[in-house]
1. Please compute the length gained on full extension between A:M356 and A:L187, using 0.36 nm multiplied by the number of residues separating them and subtracting their Cα-Cα distance.
2. Net charge around A:H322, counting only other residues with Cβ within less than 10 Å of its Cβ (Lys, Arg = +1; Asp, Glu = -1)?
3. Sort A:642-650, A:730-738, A:105-113, B:316-324 for me by packing, meaning the mean count of neighbouring Cβ atoms within 10 Å per residue, highest on top.
4. If R0 is 51 Å, what FRET efficiency do you get for B:N326 and A:N284 from their C-beta distance, rounded to 0.05?
5. Within a 10 angstrom radius of each residue's Cβ in A:618-626, how many Cβ atoms of other chains show up on average? Whole number is fine.
6. First check a/c for the stretch A:177-331, with a ≥ b ≥ c the square roots of the eigenvalues of its C-alpha gyration tensor; if it is under 1.5, answer rounded, and if not, answer prolate when a/b is larger than b/c or oblate otherwise.
7. Considering only Cα-Cα distances, which of the following residue pairs are longer than 18 Å: A:K668/B:K62; A:K91/A:K514; A:K347/B:K80; A:K31/A:K347; A:K329/A:K510?
8. Please report the net charge: other residues with Cβ closer than 14 Å to the Cβ of A:L207, K and R +1, D and E -1.
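Bear in mind these aren't lab numbers, they're just calculated from the coordinates by the rules spelled out. Just so it is clear, the structure is predicted and the values come from calculations on it, not from any experiment. All Cβ positions, even for glycine, are placed from backbone atoms using ideal geometry, and neighbour counts span all protein chains on display.
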Amino acid sequence: MAIASAAAESLTQGTPETTENDLQPFFVFHKASSRKSDKKPTGTGKTRRRIDLSPSSPNKTEKSEPDKAGERDEHCNEHLRTEAFELVWSKINSTIKDILRGINTSVFNEIHHWVLESFNATQSLGTPGFTESTRSFPIVTDATSKLLFTGMVLTGNMEFVDDLLTFEDLGLFLRSNGCHVANLSSLDFSAKSGIGGCLRGLLRQFLKATLYEADISILASWYREQENHNTPVVVIIDDMERCCGSVLSDFILMLSEWVVKIPIILLMGIATTLDAPRNLLPSNVLQHLCPSKFILGSPAERMDAVVEAVLVKQCSGFSVGHKVAVFLKNYFLNQDGTLTSFIRALKIACAQHFSMEPLSFILGGLLVEEKQKGEKNGLQPELVLKYTSQLPSYARNQMAEQNGKSLVHRFSELRRLHKCWSTVVLCLYEAGKYNKIRLLDLLCEALNPDLYTSRASNNHVVLEKDVGVPMATDRCIRRKYSTLRKGGFVGQIVRKVRDLPALMLYQLLKSWEKTTVDVLEIHEKVKDLQSLLRFEDGKLRPNVDDISKKHSSRSPLNMEKESKEVNEKAAALIDCLVRDYLRPIECIPLHEIFCFKNVEKLQLALIGDPRRRIQVDLLEFHKILRCGCCSKSGNVLLPSMHDTSIMYTLAQEHGDLINLHDWFQSFKTVVLHPSSKGKHKSKQSPYPKKRKDTHDSENKGEASIQARFCRAVTELQITGLLRMPSRRRPDCVQRVAFGL
Amino acid sequence: MEINNGVEDEELEEEEEFGFSRNYFLAKELGGSGKKSTRKLSDIGLVDEQELRAAASNIEPKHEKEIVALMNSYKSMYPKWVFELRCGFGLLMYGFGSKKSLIEDFASTALTEYSVVVINGYLQTINVKQVVISLAELLADQLRTKRANTSGNLSKQPFNSRSMDDLLAFLNGSQTEDKDCFICIVVHNIDGPGLRDPETQQYLSQIAACSCIRIIASIDHVNSALLWDKKMVHTQFNWCWYHVPTFAPYRIEGMFFPMILAHGSTAQTAKTAAIVLQSLTPNAQSVFRGLAEHQLSHPDEEGMPINDLYAICRERFLVSSQVTLNSHLTEFKDHELVKTRRHSDGQDCLYIPLTAEALKKLLAEISQ
């Protein structure tokens, strides 16, 4: 330690703040305080927690009682919100996992079937006798016995990150079906660790022990053990293309030698095409593979399923506003294109919501309540009221009743309205499938409050009492589809429903019937419409007792007309549903509790933009520091400005190379601006040295300016905006970033 | 200059490669490099290096008040940051200015419930394995105090003899159901020179992904995001970005950068050399000492031939083969502690780019 402190001392030369710890590669900053059970608010206390040890700190006595109570409330609230987040997110997360697993089930089953077949095929080559199998070298009888069954799993996804979970699931699935499974990744096949790396990985997963001496014969003897025998051994490599080719080749060659003793079956994830193994592996390795092909669900398919479960059906009660949905969509399409990033964005949105919205803890309460009906969720009515009165939508709707009971009523109303909304969105999605409309696009439109208000203002004739009257069709038709006029995805869908062939229409109505089953009022309307149709001899017929009474003759022409009429009615129905029920959550009172709308916060947390932001920090630093001295300068550089800012602004005038001499001179001119003369009196230098007969203070001023110049250059170097002089051009530095 | 042909070539290549993209961007800028100045740095009238260093340590701070106010304004975000850590996110702080004191203030006021380990990424060499070992020890400690009365069957094997995978598995373990039991790591400059290589970043991301670990890091380089691939960003680090410019001087972070106006600015100073040497093994230090002693006793020679150094090191049982010596030398060269030049008789020889005085001081420091 003495050495380090000596070094520190000599290093800093009079900056005593540099501590020993600053020069340690790492150190323990502090250990967890033992007051963990007694959860107190963190972060706002003026005293450092490290110092006060007694739980009832006397330092805090100056705080007034109501203050304390407020703090306690605040803290209690924070704690509730943390819990609520955990509840909600774990619900969302498990829903997503279930959905993805569901999508993969059929492929997984297929793979399992293939694994068993391959295993039987290897076994049929004959199992080694006792003497043979106990020898620690492989058995090779003929060429066929060296074939390694390999499943190529095409992910159809350029980004392997989405498939990590899939392969993990596949591993679990096969394990639960009685296979031995090891999951390896490209990290295990690095050139650096070589064949030993992947072998160690295998041994660690199969033997559950770390062995420094990795040898396949250990694996062979492990497999010989009674409880491990007669079960297929599956090795999954999730991103085969990223593996080091030579290591993977060695690995495959080795496994193929041992395949009789250890019936290993390979599964490799491939993002591109089936050519990938051919590009990576030499032909003498390829001939040992006996490949089969499997295809996973497409990313778009998975995306739709996740959006449906999480944002439309709202498994957790948490929802997002229109702007956030649009942002998520654009983020998915433009930034990353991976489901993983979408889920992460959703998680950040969720966390932001719970950290910012005081009332969000209600969401957790409602979720618990749903699970165990009847039990009180421990909401404190006063607290709820206190916060609700601050909600803008609450104020807008001027709710007179100020008691907890009416609040509970309002929550259930909100949920009911929202249930209707999601049902209609799903109906639209079912119809949109015929037009290949993506759910995310549809969702963004369905969440748009502006569209809703414009729809509502167009149809102000529609009164509340119309809801529930079965089939207001005539009027709907007369109004000629309000949705059509608007265009957009909903308009497209309505148009499609009008043109749908009879058979598809029949299927669509079937799916609507299923979708709407929870919402009675909509379900009845669908049922009514369904009763107009009959499925007969493979042909769709309008129901006799209803329509055909009016049309006495049943000529083909009439048939056509009739079915067209059904189409019209279906279109009218969906149009009507859109108008009456597609009420975005942002148009419902109290939605703030459940709905995250702050798109800016989400964007900032999700996408850091250091390249641009750091430059802006430098160029417009006065906007952040808000100092009185530099704000009004406009574009003129003032000596009071931050040195590095001055330097970077000056650098903008240069090309890619900045001549240090010129740069220094212009920097000096700026900082020696007449108004600031005499401001830079540097402290006594221990080595006063006269130069060219200039007097002392000027020399010191010069030294100080040079030192400031040096520091600014160093700071620009740390931010990576500058490259140091090369040997070829010792008088110039290089600018790295051009433009924001 | 001609001596270092290899280096020169490399540089030329790099220049050419860089030139293409540079021209593209410059074509967009208006006549940026139209008039190239050829004036020399030496025309400035540089002050004496010691004077410069003295002045550097006494630079009058600007906007002190505003900077303090800015730092204080971030305090209101502390609860939110803690909340996000609890939710399982990592915090990534960026923006101009040193964020060291901000993050440490956050850790000391808002993270008292959790153990905090600080990694100073701005240093030249950091041993990640050591970090992981001490993290594991901390966690084991924490678990032991938690279940003080239950039998402690935790450590069968001392942590420092376990493999990285084992240690990571321990940190990722489900020894505790309490989701709130985690250790926070603060990484100052996760993009710093000691952590910048891909392997270290892989390890860091694996550490960050452990269930018992939360990470708070700062970056300063504009291109830091290029260090990570999608797996690291989305599933391991799980960053929440925060733009928190502080405009505080990079006092410690900038310590290891040469001052551009100092004479021979490319040479390492004795002080930074001492720091680097102290992080190396005793054997490596002794090898360095052997070379330094030779240089001090033969001030007029151009350097020490590698074979001579090897002979000395063999005698002192510092190295067993040329290979080990070379690995030490590579380490020295990487940190610019040692350079090679062509001797007048044609063979390569080693020298330390420091003055005799600085070298003596350095030897005194490392032999303490």
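1. The span from A:M356 to A:L187 would gain 56.9 nm if fully extended.
2. -1
3. So the order, starting with the most tightly packed, is A:642-650, A:730-738, A:105-113, B:316-324.
4. Here the calculated transfer efficiency is 0.90.
5. The shielding value for this peptide is 4.
6. Taking the square roots of the gyration eigenvalues as a ≥ b ≥ c, the stretch A:177-331 is prolate.
7. Over 18 Å Cα-Cα: A:K91/A:K514; A:K31/A:K347; A:K329/A:K510.
8. Here the count lands on -2.
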